[in-house]
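Inspection log for the structure reproduced underneath, given as structure tokens.
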Amino acid sequence: MDLTIDRLETVIIDVPLRRPHRFARVTMTAQPVLLAFVHTRGGVVGVGEGVVPGGPWWGGESVESMKVTLDTYVAPLLPGRQVSDIAALWDDISDHVNANLYAKCAVEVALHDAWARSLGVPVHVLLGGVARTSVDVTWALGAEPEEVVVEEALAKLREGHRSFKLKMGALPPEEDTRRVCAIAEKLVGAAGVRVDLNARWDFLTAQTYLPRLAAAGVELVEQPVPGEQVEALAELNRLLPIPVMADESLRTPVDALRLATTRAADIWSIKTTKLGGLRRSRDITAIAAAATIPCHAGTSIETGIGTAASLQLACAAPGVTWGSELFGPLLFTEDILRTPLSYTDGSLHLPDGPGLGVDLDLDAVHALRRPHLTKEP
């Protein structure tokens, strides 16, 4: 089969959520998603996804910036190259586009999907094979009031979920801490409760309030301080009796080395989106494993495409031993896959098909497709 790349196509879709999802800084009711299609001359099409949680506030990119970057600077580099030439293509793309890891991830995943489909094998084969066939899924709850969060958590408990992550940082620290402590106390013994500050607090605030959360039964805290403040993260990790997880502090292999050297976090959040794709995620997970640090498969609230990519990585990388947060498709009102991913008893199961193991519902994509680069008022 001819593996020569013919062209790169990008499409933006807007997928409504079942309920608003509130972060420390923004609230979203729909997730904008960039889909990248790598077309080969042999007729195989690979697809990848670029998505950030709620816009550029988190990673500095947006689906709009991704589309312009890929269409203008990346698309001209691909025709005539082989989809299997991923390492060299990554170097060439990086010579033309610095950073922009979310945009690069969409193309890198699409290349893997096209190559694996051409070979008739799942993507995890290209990453070294299967270490596991499913991952546990933590359900993420927004920064809503106590009664709203508890009601949703109790409903998810009945569906088999046993671990929840609460968003913090949208309220004053004292009020936010009271809210989460009340929620944690109502769920103690029934489910694990974790919190994510999205890098919202400074060191002194974190030092003041995080011990109260630990005393209330919170089992893990994710990224309480800004990503660049690795020394502060390390100090908090030494002070707290519960694990600290790094997210915003981890984007590159150099970040991984620094986190490992300083022992700044007990667990690392691996997001294929923020790390630039499958291979860098695999490499960073290997660095963590060498430092005896477990990894968690994080989410940017992807559709079934991005979730399938993260699942392929999580099931191929031996170091992803701290479960996942790959709940994204369950939060959308529309599924863009022909056959949805399989969730049972709080776990997500690896599909059997070639490539990412899933197929797009092109009618659903067409219905959700944005006709313009930006949203019209």
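The values are calculated or read from the model by the stated rules, or taken from the named source; none is laboratory data. Just so you know, these numbers come straight off a predicted model, no measurement behind them. Cβ coordinates were reconstructed from backbone atoms using ideal geometry, including for glycine residues, and neighbour counts include every protein chain displayed. Each accessible area value is taken on the protein alone, full model and side chains, heavy atoms only, with ligands, DNA and RNA left out. Shrake-Rupley method; radii C 1.70, N 1.55, O 1.52, S 1.80 Å.
The sole residue among ARG263, ARG282, ARG258, ARG238 that is open to solvent by 10 Å² or more (accessible area, probe 1.4 Å) and in contact (Cβ under 8 Å) with a residue 40 or more places away in the chain is ARG282.
If you go through the range 108-134 and keep only what is within 19 Å of ASP2 (Cβ to Cβ) and assigned to a helix (DSSP H, G or I), you end up with ALA110, LEU111, HIS112, ASP113, ALA114, TRP115, ALA116, ARG117, SER118, LEU119, LEU126. Per the conditions (1) in contact with a Ser or Thr (Cβ under 7 Å, 6 or more places away or on another chain); (2) closer than 27 Å to GLY346 by Cα, the sole criterion not satisfied by ARG212 is (2).
Identify all residues within the range 70-108 that are of a type in the set (D, E, K, R) and open to solvent by less than 40 Å² (accessible area, probe 1.4 Å); write none if there are none. Break it down stepwise before answering.
Taking the range 70-108 and keeping what is of a type in the set (D, E, K, R), we get 71, 81, 85, 91-92, 95, 104, 108.
Once the filter is applied, which keeps residues that are of a type in the set (D, E, K, R) and open to solvent by less than 40 Å² (accessible area, probe 1.4 Å), the range 70-108 yields LYS104, GLU108.
Results for (1) modelled with pLDDT of 95 or more; (2) more than 18 Å from the chain's Cα centre (by Cα); (3) farther than 17 Å from HIS112 by Cβ; (4) assigned to a strand (DSSP E or B), shown as yes or no for each residue.
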| residue | (1), (2), (3), (4) |
| --- | --- |
| LEU8 | yes, yes, no, yes |
| ASP14 | yes, no, yes, yes |
| PRO32 | yes, no, yes, yes |
| ALA36 | yes, no, no, yes |
| GLY43 | yes, yes, yes, no |
| VAL47 | yes, no, no, yes |
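Pairs linking a residue in the range 309-335 that is touching a residue at least 24 places away in the same chain (Cβ under 8 Å) to a residue that is buried (at least 24 other Cβ atoms within 10 Å of the Cβ) and aromatic (Phe, Trp, Tyr), with Cβ atoms under 8 Å and 6 or more positions apart or on different chains, do not occur.
Table: residues versus (1) at pLDDT below 95; (2) under 30 Å from LYS156 (Cα atoms); (3) outside any helix (DSSP H, G or I).
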| position | (1), (2), (3) |
| --- | --- |
| GLY189 | yes, yes, yes |
| ALA206 | no, yes, no |
| GLU228 | no, no, yes |
| ALA232 | no, no, no |
| ILE242 | no, yes, yes |
| VAL254 | no, no, no |
| LEU259 | no, no, no |
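Residue pairs whose Cβ atoms lie under 6 Å apart, separated by 6 or more positions or on different chains, with the first residue in the range 195-212 and within 13 Å of LEU240 (Cα to Cα) and the second assigned to a helix (DSSP H, G or I) and among the hydrophobic types (A, V, I, L, M, F, W, C), are PHE203/ALA232; ALA206/LEU236. Within this structure, LEU171 passes the test of being closer than 24 Å to ASP247 by Cα, out of contact with any helix residue (DSSP H, G or I) (no Cβ under 6 Å at 6 or more places or on another chain), modelled with pLDDT under 95 and not polar (S, T, N, Q).
For the range 144-161, indicate whether the set of residues that are outside any helix (DSSP H, G or I), at pLDDT 95 or above, of a type in the set (Gly, Ala, Ser) and surrounded by fewer than 20 Cβ atoms within 10 Å (Cβ to Cβ) is non-empty. Reasoning before the result, please.
Restricting attention to the range 144-161, the residues satisfying the condition of being outside any helix (DSSP H, G or I) are 144-145, 159-161.
If we keep only those that are at pLDDT 95 or above too, we end up with none.
No, because not a single residue in the range 144-161 is outside any helix (DSSP H, G or I), at pLDDT 95 or above, of a type in the set (Gly, Ala, Ser) and surrounded by fewer than 20 Cβ atoms within 10 Å (Cβ to Cβ).
Just to check your reading of the model, which residue among THR138, THR133 is buried (at least 23 other Cβ atoms within 10 Å of the Cβ), modelled with pLDDT of 95 or more and hydroxyl-bearing (Ser, Thr, Tyr)? Don't jump to the end; show me each part of the working.
Values: THR133 fails: buried (at least 23 other Cβ atoms within 10 Å of the Cβ).
Within the list THR138, THR133, the selection yields THR138.
Tallying residues that are among the polar types (S, T, N, Q) and open to solvent by less than 70 Å² (accessible area, probe 1.4 Å) within the range 1-30 yields 2.
Across the range 330-370, the qualifying residues are those that are of a type in the set (Lys, Arg) and in a loop (DSSP other than H, G, I, E, B), and the one among them that is surrounded by the fewest Cβ atoms within 10 Å (Cβ to Cβ) is ARG338.
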